[in-house]
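**Q** Attaching a single structure in structure tokens format; questions to follow.
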Amino acid sequence: MNVQLPDGSLREVPDGATIADVAAAIGKRLAKDAIAGKIDGKAVDVYTPVPDGAKVEIVTPNSEAGLDTIRHSTAHLMAMAVQELFPGTQVTIGPVIENGFFYDFGSQRPFSEEDLRHIEEKMQEIVKRDLPIRREVLSRDEAIKTFGNLGEKFKVEIIEGIPGDEPLSMYRQGDWFDLCRGPHVPSTGRLGAFKLTSVAGAYWRGDERNAMLQRIYGTAWGDEKELEKHLKGIEEARARDHRKLGKELELFHFSHFAPAMPIFLPKGAVIYNTLVDFVRSYYRRDGYDEVVTPLIWDTELFKISGHYDNYKENMFFSEVDEREYGVKPMNCPGHTQIYAMERRSYRDLPIRYADFARLHRYERSGVTHGLARVRSFAQDDAHLFVTPDQIQTEMERELRLIKEIYDTFGFAEVRIGLSTRPEKRIGGDDVWDSAEAALKQALEKAGLQYEMKPGDGAFYGPKLDFQVTDAIGRPWQLGTIQLDRSQPERFKLEYIGDDGKEHRPVMIHRAILGSLERFIGIIIEHFAGAFPLWLAPVQMSVLPLSERFLDYADQVAAKLRAAGLRVSVDASNEKLGAKIREAQLKKVPYMLIVGEKEAAAGTVSLRKRTGGDQGAVAVEELIGQAKNLIDSRSLTL
């Protein structure tokens, strides 16, 4: 029989040939590397028979499909090791995730870091056994009986919840097996480049009312070289962790009296306010009007906007004078009230409202994470009210603005996703059709590549999401543009067109940095806490050689502050080396050393965070250099 290869060529193989046989017919090296395959696009094991005329692809370890197979198989390897080491432990689910996998276990004892080391050792032992991994098929009743006899109550619950009555597949390696769709590598000996990374608690099915399970995370790769590269990346990410650096650099704090609601300390507040001023400078240039709106509104507002029905579980509520109020999770409903204050003409549009007001969203305690996911935050949020004819012009403006702002932070790689109508939404299909078409048109006119994300839109409209890549290659979701025809309809917003008739405006929701809190967490990690001069909380630290030169240090600091620079003076009795180390630990861009020679000449001895000693510089010259770097928002010192 013949099979079709990815390049379109045909290959003759014996009747009943498997994926492994096809790989062997192509070449010995491929036969050795094959760990799975695809038949007409469906992932299968290497021993799966291939139908005559099928399209066949051989899956190897370092391909995307190969890594998924390796990680899935390594998750099973880990589960087997856990149950051999800790009899009575129950298995639940073990999915592949980005760069790795996890498995949730029902256990009477929490797993420790030392346990992870023992589990890894047992996994390596099972790898050496080179156990064949084979697929078996059971009826639903057989599967329930099999796992029920083992006391695997979570697995039985999973089986009972699977719809339909189709047979179920499980995979066996030695005496151990688990329910799984597959595919898996041919044997445990094909694994080995793995590392268990952490352990955490997790509620069964993500519901805090259910049992607490133990979740072990791990990573797996096609070879040791790729594993080592990934582990170095993890170490770099740990060193850059914004929670760690935020504490060391005295940027923010969390109190148990306000869970997941960050407190910005003086240095953190400098970064926060500098970012707000940065965005405001573009608002002034591009004709935005900034507004300040209430934090709490009668819930009737959110019922009209649709948030009450579609977002209620993420909101905070209160009752005053027998009226129910909601703490706003978004600014858009309030901005409709400003628009509706007066009669509008097409000549008034576009109207651009910007708002830095606090927002509050209820996030479960299990998903909050430093500044990345909080309950209290602000956005560089704006809402544009436009005529249909103005959509493309405004979209072009926003796309240019987003690029300009991201370039400032060194985010050169930006991926765009176009998210279309979700299942739970407001507005008719005709409204969604026109809104989705408008976003596509704007992207294509700008010549921008994008990825479709079906069903990921907001409940009131489709959106563009902007994902940047940081200094160590990690993706971060940042800005969004959302096109909304539904809220203007629900709030009965109008303008008088050039035909003298009433028309509905279109509402564009836009954020570029997104949550300021989350963005600060991202750039802490992006810059590893070493902010460029314009953004650094302390831009210069004056270091007197001794107390004798403290007066001159204060004079230098006063001149610098008068020029608008952020300066500290180290008045401690420490030696110069200790003062320099302290300034470096605090990641201060410029260290200004002053002693007898500098006081006599009216200079400072400049030492940069990145380049060591720079020699003597006049204070006025230093001010000019610094202000040029700040005004241009340079990323270099």
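**Q** Relative contact order of region 486-635, please, whole-number percent, based on alpha carbon pairs below 8 angstrom and at least 6 residues apart.
**A** Numbers: 197 pairs, mean separation 31.4, N = 150.
Once normalised by length, the contact order is 21 percent.
**Q** Another one. Under 21 Å from the Cα of K501, which lysines turn up, not counting those fewer than eight places away in the same chain?
**A** Cα-Cα hits under 21 Å: K492.
**Q** Around F105, which amide H atoms from residues at least 5 apart in sequence, or from another chain, sit under 5 Å from its own amide H, with H modelled in the peptide plane?
**A** Residues meeting the criterion, in which the H sits 1.01 Å from N, are Q214, R215, I216.
**Q** For the chain, what class follows from the C-alpha gyration tensor (a ≥ b ≥ c being the square roots of its eigenvalues): rounded when a/c is under 1.5, otherwise prolate if a/b is larger than b/c, else oblate?
**A** Values: a/c = 1.94, a/b = 1.34, b/c = 1.45.
It comes out oblate by the Cα gyration axes.
**Q** Remind me, relative contact order of region 141-204 in percent, using alpha carbon pairs under 8 angstrom and six or more residues apart? Each step should come with its number before you reach the end.
**A** Numbers: 29 pairs, mean separation 11.0, N = 64.
It comes to 17 percent, rounded to a whole number.
**Q** So for the chain, taking the charge dipole from beta-carbon charges (+1 Lys/Arg, -1 Asp/Glu), which of G37, T274, I162 sits furthest toward the positive end?
**A** It is T274.
**Q** Name the residue farthest towards the positive end of the dipole of region 374-437 from the options G417, G427, A378, assuming +1 on Cβ of Lys and Arg, -1 on Cβ of Asp and Glu, about the Cα centre.
**A** The one lying farthest along the dipole's positive direction is A378.
**Q** If you don't mind, there's one more thing I want to ask. With the contact rule set at Cα under 8 Å and sequence spacing of 6 or more, what percent relative contact order holds for the chain?
**A** Details: 1172 pairs, mean separation 55.8, N = 637.
Relative contact order for the chain comes out at 9 percent.
**Q** How big is the charge dipole of region 129-275 about its Cα centre, in debye rounded to the nearest 20, if each Lys and Arg gets +1 on its Cβ and each Asp and Glu gets -1 on its Cβ?
**A** Result for region 129-275 is approximately 400 debye, rounded to the nearest 20.
**Q** Would you give the gap between the C-alpha center of region 355-398 and the C-alpha center of region 499-522, rounded to a whole Å?
**A** For region 355-398 versus region 499-522, the Cα centre distance is 7 Å.
**Q** Whole Å is fine, so just give me how far the alpha carbon centre of region 43-101 lies from that of region 540-577.
**A** For region 43-101 versus region 540-577, the Cα centre distance is 61 Å.
**Q** Which of the listed residues, G447, I234, C180, is farthest toward the dipole's positive end in the chain, when Lys, Arg count +1 and Asp, Glu count -1 at the beta-carbon?
**A** Ranked along the dipole, the leading option is I234.
**Q** If you average the alpha carbon positions of region 185-210 and of region 265-303, how far apart do those two centres end up, in angstrom?
**A** Using only Cα atoms to place each centre, the spacing works out to 41 Å.
**Q** Which of the lysines could a cross-linker bridge to K229, judged by Cα under 17 Å and excluding same-chain residues fewer than eight apart?
**A** Partners within reach: K195.
**Q** Right, another one. Pairs to check: K267/K587; K42/K463; K440/K463. Give those whose C-alpha atoms are more than 22 Å from each other in this structure.
**A** Values: K267/K587 12 Å; K42/K463 31 Å; K440/K463 10 Å.
In this structure, K42/K463 lie more than 22 Å apart at Cα.
**Q** Next question, about the same structure. With a/c under 1.5 counting as rounded, go ahead and sort region 502-572 into rounded, prolate or oblate using the C-alpha gyration tensor (a ≥ b ≥ c being the square roots of the eigenvalues; past the cut-off, prolate if a/b is larger than b/c, else oblate). Let's see the in-between values first.
**A** On the way: a/c = 6.19, a/b = 2.63, b/c = 2.35.
Prolate.
**Q** Quick one: 3J(HN,Hα) in Hz for region 601-616, Karplus 6.51/-1.76/1.60 with θ = phi - 60°, rounded, Gly and Pro as x.
**A** Running phi through 6.51 cos²θ - 1.76 cosθ + 1.60 with θ = phi - 60° gives 9, x, 10, 9, 8, 8, 10, 8, 4, 9, x, x, 5, 10, x, 6 Hz.
**Q** Going down the list K312/K424; K247/K579; K586/K608, which pairs span over 18 Å between their C-alpha atoms?
**A** Working: K312/K424 13 Å; K247/K579 20 Å; K586/K608 13 Å.
Check vs 18 Å cut-off fails for K247/K579.
**Q** Further, regarding this structure: If amide H atoms are built 1.01 Å from N in the plane of the peptide, which residues on other chains or at least 5 residues away come under 5 Å of the amide H of T197?
**A** For T197, whose amide H was placed from the backbone, the distant partners under 5 Å are Y217, G218, T219.
**Q** Additional query: So how tilted is helix 140-149 from the main axis of the chain? Cα-based, degrees 0 to 90, rounded to 10.
**A** Taking the Cα atoms of the chain, the angle to 140-149 is about 80 degrees.
**Q** Classify region 2-60 from the C-alpha gyration tensor, please: rounded if a/c falls under 1.5, else prolate or oblate depending on whether a/b exceeds b/c. All intermediate terms of the calculation are to be shown ahead of the outcome.
**A** Working: a/c = 1.29, a/b = 1.16, b/c = 1.11.
Verdict is rounded for region 2-60.
**Q** In region 153-258, which chymotrypsin sites (Phe, Trp or Tyr not before Pro) fall in coil by DSSP and have 14 or fewer other Cβ atoms within 10 Å? List each step's numbers first, then the result.
**A** On the way: sites: F154, Y171, W176, F177, F194, Y203, W204, Y217, W221, F252, F254, F257; in loops: W221, F254, F257.
Of the chymotrypsin sites (Phe, Trp or Tyr not before Pro), the ones in loops of region 153-258 whose Cβ has at most 14 other Cβ atoms within 10 Å are F257.
**Q** Sequence-distant or interchain residues sharing an amide H contact under 5 Å with S187, placed H: which?
**A** I133
**Q** How big is the dipole moment of the chain about its Cα centre under a simple scheme where the beta carbon of each Lys and Arg is +1, that of each Asp and Glu is -1, and everything else is neutral? Debye, nearest 20, please. Please report the intermediate quantities before stating the final value.
**A** Working: 85 positive and 97 negative charges, 275 e Å.
For the chain, the charge dipole is close to 1320 debye.
**Q** While we're on this one: From the C-alpha gyration tensor of region 41-126, pull out the three semi-axes of the equivalent ellipsoid (sqrt of 5λ each), sorted largest to smallest, in whole Å. Could the numbers behind the result be given before it?
**A** Working: eigenvalues 200, 33, 27 Å².
Calculated on Cα positions only, the semi-axes equal 32, 13, 12 Å.
**Q** Then there's this: What lysines could a cross-link reach from K38, if we take a straight Cα to Cα line under 16 Å and drop same-chain neighbours fewer than 8 places away?
**A** Straight-line reach from K38, under 16 Å: K55.
Readers should treat all values here as calculations from the given coordinates under stated rules, not as data from a laboratory. Computed from a predicted model, the values in this text were never measured in an experiment. FYI the Cβ positions are ideal-geometry reconstructions off the backbone, even for glycines, and counts take in every protein chain you see.
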